Every structure is written in structure tokens, then in C-alpha cells.
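No lab work stands behind these numbers, since they all come straight from the coordinates. Quick caveat: nothing in here was measured; it's all calculated off a predicted structure. All Cβ positions, glycine included, derive from the backbone under ideal geometry; neighbour counts span all protein chains shown.
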Amino acid sequence: MRDHSRRHGRVPVAFEVTYSTPGAFLVAYTSNLSKGGVFLDTPKPLPVGTAVKLSFSAPSAPEPIVVDAVVAWIRDTPTPEGHPSGMGLRFDQLEERYGAVIDRLVAGFAGLRILVVAADPAARALLGRYLRSIIAAQVIEAIDAETAATAIEGHVDLCVLDFDDGDDAKRTIASSLNAPEPVPLIALVSSDADRDRALALGVDEAVLSPPAFNVLQAAVIRCVAKPAAVR
């Protein structure tokens, strides 16, 4: 790999990026890492041009994946749509020796567990079709907050909920955020005002309902590929 720190005349900053599940790491790899870059959510992005060393870890991975990178662009403040502040990092192609690590994870990947919470059966059916087309997943359906809470206790990787369900939606958000490992949340909203309310309650993404396939796809990838921790 090239020595970015020498090229930019800076001492690299080191980050350890940890994913909660092998599936989350694989989604990140497919959507970001294999394309030569990654976005790190942080309220204090580094200046453009800063050299960075990243170490990516995931459960069951035999070794971390280490790569040199450079800050290519930054987002100083969150957007009205809920996209967080942070920095986009660019790096060279990953070393070939990491191919075996990725292959082992792919071989053992059984798919994500995605919870869909909506009172309307037509909405649940549409979301289920979309989600199975976006990513290999087991889709679990819930009609209310109580059923959703039970599913969350059993572990899910992502929750997609209809914000128009009112109190049930708010209680599902609370259950997801209070889980031992908080569950990423996508809320389907009917207005910009509802988007703001959903984001204020702690959802990761809020998209207009019914969602366009490409919009939901982008939101799912952003949520699932988001690291559990960056240190």
C-alpha cells in the first residue's frame, strides 16, 4: 500500500472500526470498502488531506483488516434529512491477503434479521418484498409495539417501522434504542414534520412513505453498514 502519511506530510491518525455482526461488516464491505472508501460518522471530522490508518473488525473475523486512507471530504453538520456529520475517507485497493478473511465471512453469512413494524398488512408486505430484494435477510413482521419488543429481545439487525402508527411507533423506537445493542432504525413518515419528529426521537433514517425502492435501499445500506463503534 502507498504511504499516505509520507505523501501528505502528516502522522496518520488511527481508528479502530468495529462492526456488531459479520453481516454488518459484509454490507459495509460490499457498499463501501470494495469501492475504495468509507464514511465515518463523527461530530468532529478531520481536515481534508489528513492521513488515517483504519482497522476494521467484526465478530468471527480471524483478523482485522488494516488499510491506510486519507480524508477526501467532510460534512461539518448533519443534513435536514438526518445524514450525520462526518468524513469521507479514500484508500487504495485492499491487500490481496484480506480476500481469505472476506471469503470466510461470506461463507458463514446466513443473512440479516430485519424487523418490519406496521399495522397495515399491505405496508408490511411491500416492505418485505423490497427488503428481500435489497439484501439477504429474514424479515420478521410485527403489528404492534409488544410484538416488536419481543422480536428485538431475540435480536434483530435492523428495524423498519411505520411512524404513522403513533404510540406503537414511539414505543418500538424506545425498545430499539434501549436494547443491549441498540438496533438501527428506519422510520417511514408521511411529512417533513414527521421526519423531524422521528429523527428527534432517535431514528437513524426517515424516508417518505410509501418509499421509492432506491431511497429505501440507500437508507438500509447506510444503517446496516454503520459501524457499532469507532475509536
message: So I have (1) 12.3; (2) 13.4; (3) 16.5, and one of them is mean projected area of the Cα convex hull in nm² calculated from this model. Which one is it?
response: (1)
statement: Most packed first (mean Cβ within 10 Å per residue), the peptides 80-86, 217-223, 135-141, 112-118 order as 112-118, 217-223, 135-141, 80-86
message: Can you tell me, using C-alpha contacts under 8 Å and at least 6 residues apart, the relative contact order of the chain as a whole percent?
response: 20 percent
- line: Whole-number value, in Å³ per residue, for the convex hull of the alpha carbons of segment 112-226 is 85 Å³
message: Which order do the peptides 206-213, 174-181 come out in when sorted by mean C-beta neighbours inside 10 angstrom, highest first?
response: 206-213, 174-181
query: Among 172, 147, 77, which comes first, second and so on when ranked by fewest other beta-carbon atoms within 10 Å?
result: 77, 147, 172
